[in-house]
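Participant: One structure follows; several queries about it will come next.
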Amino acid sequence: MSIYQKNEVKEVETSRTLSLVVDNQPGTLARVIGLFSGRGYNIESLTVTEIDKIRSLSRISLVTRGTSMTIEQIKSQLLRIVPVHIVRDLTLEGPFIKSELALVKLVVKGANRVEALRIAETFRARTLDVTLSSFVFELTGKPSKLDAFTDLMRSLGDTEISRTGVSAISRGNKTETKLLDQI
Amino acid sequence: MTVNYCSGAEAVIRALVENGVEVIFGYPGGAVLPLYDALFENNKIKHILVRHEQAAVHAAEGYARSTGKVGCVLVTSGPGATNAITGLTDALMDSVPIVCLSGQVPTHLIGTDAFQEADTTGISRPCTKHNYLVKDADKLCEIIHKSFEIASTGRPGPVLIDLPKDIQLSKIKYVNKNTKFKKYNNNNISNIDENVINKVATLLLNAERPIIYAGGGVVNSGQEASKLLTKLVNLLDCPVTLTLMGLGCVPNTNKNFLGMLGMHGTYEANLAMHNCDVMLNVGARFDDRVTGRLNAFAPNSKKIHIDVDKSSINKVVSVDYGIVGDCTKVLSVLVQEVKKLHNQQTIKSKSKWWSEINHWKEKNSLGFQQIGNNIKPQQAIKSLYEKSKNFDTYITTEVGQHQMWAAQYFGFSKPNHWMTSGGLGTMGYGLPSSVGVQIAHPNSLVIDISGEASFLMNMQELSTIVQYKLPVKIFILNNEWMGMVRQWQELNHGSRYSESYTASLPDFVKLAESFGITGLRVDNIKNLGNTIDEMINIKGPVIADIRVEKEENCFPMIPSGAAHNEMILSSDDNHKDTSGEGLALV
Ligand SMILES: Cc1ncc(C[n+]2csc(CCOP(=O)(O)OP(=O)(O)O)c2C)c(N)n1
Ligand SMILES: [Mg+2]
């Protein structure tokens, strides 16, 4: 933030989830990330994968944080990137679903093994791998649920955690098909 | 048809021709030899051999900004590409349409640290509007066509195409420009809305203290935008001020023109900005050099912002109405609406506002005293203007005090006649830029207003000037100092002149002569006029070493961290010491 703005009233920063459709090209992701680092914006989570093979399009789900002025800037700046086709602000648009996948390895022996399985069951986590001294659980859902689960697992033993970052989509029957057809 | 098959390099040249390229500024090397071979065979594109790749980009910028066309650059891989980076950043900051072709090692060697390999797309990503690495020869033509569209539409900017040598040598089928390609994006948004235009027009007509502040976006939009802007100013009979990049889009002779605004703008322009009740910003971006301290910027005004780039709106200053669109389009509907409403109502009298402004004008903030025999730099520019205004004169500048004096004392009556590095402030911009301008306008008077330190940064281009017989006039305001640095050290750092003296200067007259061009020198005010006449009348290039008052400062000035109404008019103005926060500002 510029020093010129020091005396401005502090506006609250909120978390926003953006959903982008971009060309699946080398360099696109680098441009998006470079924008955030170059202009000092926050990235809390970012996921990207191809969603349309024929048109070679990828979706980037992105969670960021900032004042409403900053968020508007981020959206306009993203739209300036040539291979970025669609920028949607899911937080602003209405109800939406945010989901994430976590793989949690827990090294555990003795009584805590039963406890771990009980917690996993409560969270509806799947057990993907078992040895006499470890488990690998898979859990999907809201980031906050994943946080709670990983915290509990940590208290039971040595853990290794891999999370995908948030993937998001709006609720209801609205789709982007029309917008995509213009590309 | 067999004709449609050609080498990648030939396809590149063909695609350039198809996109209207007549001149390309470049420098050869191993990775672009096939392209140079194709250039050798062609007779449609003229290649200008610069002496440094940075200069190639600046020359293309000068060409682009003085013509409105896309400037084209060709450099080799590795050092050729890295040398071009400053130029590309300059073009990005000042929204200049450039297509830069760079050579690259063959695709199978990419990533092996091959000789003269650099990650050119990686390095240039943040300093281009877009860039490509061509890995698939079949995409080559499409990429070139798209690059020209990207560079020149919306907010213009530089595009780089990295061309591996094997792609240049491969056989491909040429693809025409008007082939239907996948759209690169649909983001050239525009939100021109009748309702908003009506509200804005009403606001402007009912304002008691309106001001129009316009910038480079008007120049970029084309000459029509400048005409429309002048029309709007005349219709509203309101004051207008221009940014450094916007100079010329309202004629300097227009009675409503208050001069440039900002850090070295006129007192009346900055005070009118500070005190206005309605501000219309056309194609400018509230740059920190213009606004001064933001929380004291035009505090009691409604603000309207017209810009082709949505991200410029509400970036640093929140406005009441943001109109996204090309200046020509928006201005033409706005002018119509103002005309229509103007016929229905009597316009608010602005005589009180004008008398206030005239009162500020009486300060004569650009006044200076030319006493004694020493040449005041301000006088040098003033005389240069007087003696060149009847020619079709194009001015380029370097960066420093001389640049600000040129902006203050030279009058611009038309857009596209003033080329300066505004956003990046690149010393060494002016000389290569003048090469591009003179190539585009062979019969016009092209003058690089230079400082002795800046001149040294790209003076190798003298050789280019001689090779192509370009009659560029290099007007050096020689104060033996990095004057602008010295001025800040005087004002902010207790006159501790750390490393800002330009020691060991060459004899500029002899330097000129060593290149076979004319060198002139003047150090007495009595001979200034004659020297300028002589410079203008000489057919070929000239270096004029204008020895000016060495410790002159550039005023008026808004000290860093200060507001428009806190500007100082001279060194004697006892301005408060620059605040700690101000000291941290550039
Ligand atoms: C490439 C580059 N390096 C450093 C600077 C910082 N700088 C701004 S003005 C200036 C001094 C310019 O001196 P000169 O060309 O003699 O112009 P004067 O101010 O004396 O008119 C310097 C070093 C810059 N703008 N560009
Ligand atoms: Mg100097």
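Participant: Where in the range B:1-118 are the strands (runs of 3 or more DSSP E), entirely inside, with at least 3 residues that are more than 29 Å from B:LYS414 (Cβ to Cβ)?
Facilitator: Qualifying strands (runs of 3 or more DSSP E): B:5-7, B:98-104.
Participant: Any residue in the range B:480-491 that is within 12 Å of B:GLU549 (Cβ to Cβ) sitting within a Cβ distance under 7 Å of a residue that is within 8 Å of ligand 2 (Cβ to nearest atom) and hydroxyl-bearing (Ser, Thr, Tyr)? List the pairs, counting only those 6 or more apart or interchain.
Facilitator: Note: pairs meeting the criteria are B:GLU480/B:THR502; B:TRP481/B:THR502.
Participant: Determine, yes or no, whether B:GLY483 is under 17 Å from B:HIS264 (Cα atoms) and within 14 Å of another protein chain (Cβ to nearest Cβ).
Facilitator: So B:GLY483 does not fit the description; no.
Participant: Tell me, which residue of the range B:402-416 that is farther than 17 Å from B:TYR429 by Cβ and small (Gly, Ala, Ser) is surrounded by the fewest Cβ atoms within 10 Å (Cβ to Cβ)?
Facilitator: Looking at the filtered set, the residue picked out is B:SER413.
Participant: Continuing with this model, one more query. Tell me whether the range B:459-478 contains one or more residues that are within 15 Å of ligand 1 (Cβ to nearest atom), free of Cβ contacts under 8 Å to residues at least 24 places away in the same chain and not aliphatic (A, V, I, L, M).
Facilitator: Within the range B:459-478, none of the residues are within 15 Å of ligand 1 (Cβ to nearest atom), free of Cβ contacts under 8 Å to residues at least 24 places away in the same chain and not aliphatic (A, V, I, L, M).
Participant: In this structure, is B:ARG496 within 13 Å of ligand 2 (Cβ to nearest atom), among the basic types (Lys, Arg) and more than 14 Å from chain A (Cβ to nearest Cβ)?
Facilitator: Taking the combined requirement at face value, the residue does not satisfy it.
Participant: In the range B:495-530, which residue that is more than 13 Å from ligand 1 (Cβ to nearest atom) and among the aliphatic types (A, V, I, L, M) is farthest from B:ASN374 (Cα to Cα)?
Facilitator: B:ILE517
Participant: Among the residues in the range B:453-461, are any more than 25 Å from B:PRO251 (Cα to Cα), among the hydroxyl-bearing types (Ser, Thr, Tyr) and within 16 Å of ligand 2 (Cβ to nearest atom)?
Facilitator: For the range B:453-461, residues more than 25 Å from B:PRO251 (Cα to Cα), among the hydroxyl-bearing types (Ser, Thr, Tyr) and within 16 Å of ligand 2 (Cβ to nearest atom): present.
Participant: Further question: Assuming A:ARG88 fulfils every condition listed in (1) open to solvent by less than 10 Å² (accessible area, probe 1.4 Å); (2) closer than 17 Å to A:SER19 by Cα apart from one, which condition is it?
Facilitator: A:ARG88 satisfies all of (1) open to solvent by less than 10 Å² (accessible area, probe 1.4 Å); (2) closer than 17 Å to A:SER19 by Cα except (1).
Participant: Continuing with this model, one more query. Return the residues of the range B:365-401 that are closer than 20 Å to B:SER66 by Cβ, open to solvent by 10 Å² or more (accessible area, probe 1.4 Å) and within 16 Å of ligand 1 (Cβ to nearest atom); say none if nothing qualifies.
Facilitator: The answer is B:VAL399, and nothing else.
Participant: Does B:LEU445 satisfy the criteria of being open to solvent by 10 Å² or more (accessible area, probe 1.4 Å), among the hydrophobic types (A, V, I, L, M, F, W, C), at pLDDT 95 or above and within 16 Å of ligand 2 (Cβ to nearest atom)?
Facilitator: Here the answer is no, as B:LEU445 does not meet what is asked.
Participant: Based on this model, can you work out whether B:ARG293 counts as within 14 Å of chain A (Cβ to nearest Cβ), basic (Lys, Arg), under 28 Å from B:SER570 (Cβ atoms) and in contact with a Phe, Trp or Tyr (Cβ under 6 Å, 6 or more places away or on another chain)?
Facilitator: yes
Participant: Let me ask something additional. B:LEU424 - would you say it is among the hydrophobic types (A, V, I, L, M, F, W, C), open to solvent by less than 10 Å² (accessible area, probe 1.4 Å) and over 17 Å from B:ASP392 (Cα atoms)?
Facilitator: It is false that B:LEU424 is among the hydrophobic types (A, V, I, L, M, F, W, C), open to solvent by less than 10 Å² (accessible area, probe 1.4 Å) and over 17 Å from B:ASP392 (Cα atoms).
Participant: Hey, another quick one. Across the range B:535-583, what is the number of residues that are without any contact (Cβ under 8 Å) to a residue 24 or more places away in the chain, open to solvent by 70 Å² or more (accessible area, probe 1.4 Å) and of a type in the set (A, V, I, L, M)?
Facilitator: Qualifying residue count, the range B:535-583: 0.
Participant: Can you name the condition, by its number, that A:VAL108 falls short on among (1) over 30 Å from A:LEU152 (Cβ atoms); (2) over 16 Å from the mean Cα position of the chain (by Cα)?
Facilitator: Answer for A:VAL108: the failing condition is (1).
Participant: Within the range B:202-223, which residues are crowded, with 24+ Cβ neighbours inside 10 Å and assigned to a helix (DSSP H, G or I)?
Facilitator: Once the filter is applied, which keeps residues that are crowded, with 24+ Cβ neighbours inside 10 Å and assigned to a helix (DSSP H, G or I), the range B:202-223 yields B:LEU204, B:GLY216, B:GLY217, B:VAL218, B:VAL219, B:ASN220.
Participant: Show the residue pairs meeting these rules: Cβ distance below 6 Å; 6+ apart or different chains; first residue within the range B:65-94 and touching a residue at least 60 places away in the same chain (Cβ under 8 Å) and β-branched (Val, Ile, Thr); second residue more than 16 Å from ligand 2 (Cβ to nearest atom) and open to solvent by less than 20 Å² (accessible area, probe 1.4 Å).
Facilitator: Final answer for the pair search is B:VAL70/B:PRO97; B:VAL70/B:VAL99; B:VAL70/B:PHE148; B:VAL70/B:ALA151; B:THR89/B:CYS127.
Participant: Let me ask something else about it. Output the residues belonging to the range B:419-448 that are closer than 17 Å to B:HIS264 by Cα, touching a residue at least 60 places away in the same chain (Cβ under 8 Å) and not hydroxyl-bearing (Ser, Thr, Tyr).
Facilitator: B:GLY422, B:GLY423, B:LEU424
Participant: From the list A:VAL114, A:VAL136, which one is modelled with pLDDT of 95 or more, of a type in the set (Val, Ile, Thr) and over 30 Å from A:THR17 (Cα atoms)?
Facilitator: It is A:VAL114.
Participant: Can B:LYS139 be described as surrounded by 15 or more Cβ atoms within 10 Å (Cβ to Cβ), within 25 Å of B:SER152 (Cβ to Cβ) and more than 28 Å from the chain's Cα centre (by Cα)?
Facilitator: yes
Participant: Taking A:ARG126 as meeting all but one of (1) farther than 27 Å from A:THR67 by Cα; (2) out of contact with any helix residue (DSSP H, G or I) (no Cβ under 9 Å at 6 or more places or on another chain); (3) open to solvent by 70 Å² or more (accessible area, probe 1.4 Å), write down the number of the exception.
Facilitator: (2)
Participant: Which ranges mark the helices (runs of 4 or more DSSP H) fully within the range B:348-438 that have 1 or more residues being within 16 Å of ligand 2 (Cβ to nearest atom) and of a type in the set (Gly, Ala, Ser)?
Facilitator: Helices (runs of 4 or more DSSP H) meeting the threshold: B:377-388, B:401-409.
The values are calculated or read from the model by the stated rules, or taken from the named source; none is laboratory data. No experiment lies behind these values; they were computed from the predicted model shown. A quick note on method: Cβ atoms are made from the backbone with ideal geometry, for glycine too, and the neighbour counts reach across all protein chains shown. The accessibility values were calculated without ligands, DNA or RNA, using every heavy atom of the protein model including side chains. Shrake-Rupley method; radii C 1.70, N 1.55, O 1.52, S 1.80 Å.
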